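So the structure is just underneath, and the comments pick up after that.
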Amino acid sequence: MGHRLLNKYLVLMDVGGAVYVLLELAWRGRSHWTMFVLGGLCFIGLGLINEVLPWDMPLWEQAAVGVLLITALEFFTGCVVNLMLGWQVWDYSDLPWNILGQVSLKYSALWLPVSLAGIVLDDCLRYRWFGEERPRYNLGLTRKWRWSVRL
C-alpha cells in the first residue's frame with residue numbers, strides 16, 4: 001500500500017513540476033530545476049485541498065486556498081534558494097507589494113487561475129489514473145445557491 005501511495009505522489013509531483021516549468025518557460029523564457037520541485041510540491045498541495053477540506057466547498061474558495069498555498073511555498077522556496085543559497089533564481093524586489101523580493105501580490109493574483117486549473121487537473125488525474133473518487137464541484141457563489149458539476 002505504501003509503495004503505491006509513494007508512486008502516486010511521485011507521478012503527481014512529475015506532472016506538477018513539468019507543468020510549472022512549462023508555464024515559466026512560456027512566461028519568462030527560462031526556468032530552473034528548483035522550479036520543477038516547487039511546481040511538483042504546489043501541485044501535490046493543490047490536490048490535497050479537497051482531501052482535507054470538504055468536496056462541497058465552492059471551487060473558487062478552493063482556488064483561493066490554492067493561491068495562499070502557492071504563495072507560501074514560493075516564499076519559502078525563495079528564502080532558501082535566493083536568500084540563503086544565493087542562486088538568484090528570481091527577484092521581485094522591483095515590484096510593488098513584494099515581501100523580501102521573494103513574492104509579490106501582483107504575481108500572487110496570477111496564481112488564482114493556475115490554482116483552479118491545478119485543482120481540476122489533479123482531481124481528474126486521481127480519478128482516471130488512480131481510481132479515486134469522481135470529481136464533482138460546487139460552482140455556487142454562496143452556500144445557498146449551488147451548481148454542481150461532475151466530470
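The values are calculated or read from the model by the stated rules, or taken from the named source; none is laboratory data. This is a predicted model, so every value here is computed, not measured. Counting neighbours? That spans all protein chains shown, and the Cβs are built from the backbone with ideal geometry, glycine included. Just the protein is used for accessible areas: all its heavy atoms, side chains included, with ligands, DNA and RNA removed. Shrake-Rupley method; radii C 1.70, N 1.55, O 1.52, S 1.80 Å.
Restricting attention to region 69-84, the residues that are over 12 Å from residue 105 (Cα atoms), open to solvent by 20 Å² or more (accessible area, probe 1.4 Å) and touching a Ser or Thr at 6+ places or on another chain (Cβ under 7 Å) add up to 1.
The single residue among 4, 28 that is at negative phi, among the basic types (Lys, Arg), open to solvent by 10 Å² or more (accessible area, probe 1.4 Å) and touching a helix residue (DSSP H, G or I) at 6+ places or on another chain (Cβ under 9 Å) turns out to be 4.
Within region 7-19, count every residue that is within 27 Å of residue 83 (Cα to Cα) and open to solvent by 80 Å² or more (accessible area, probe 1.4 Å).
Going through region 7-19 one residue at a time, the tally reaches 1.
Of all the numbered requirements in (1) under 20 Å from residue 124 (Cβ atoms); (2) outside any helix (DSSP H, G or I); (3) open to solvent by 80 Å² or more (accessible area, probe 1.4 Å), residue 22 misses one, and that requirement is (2).
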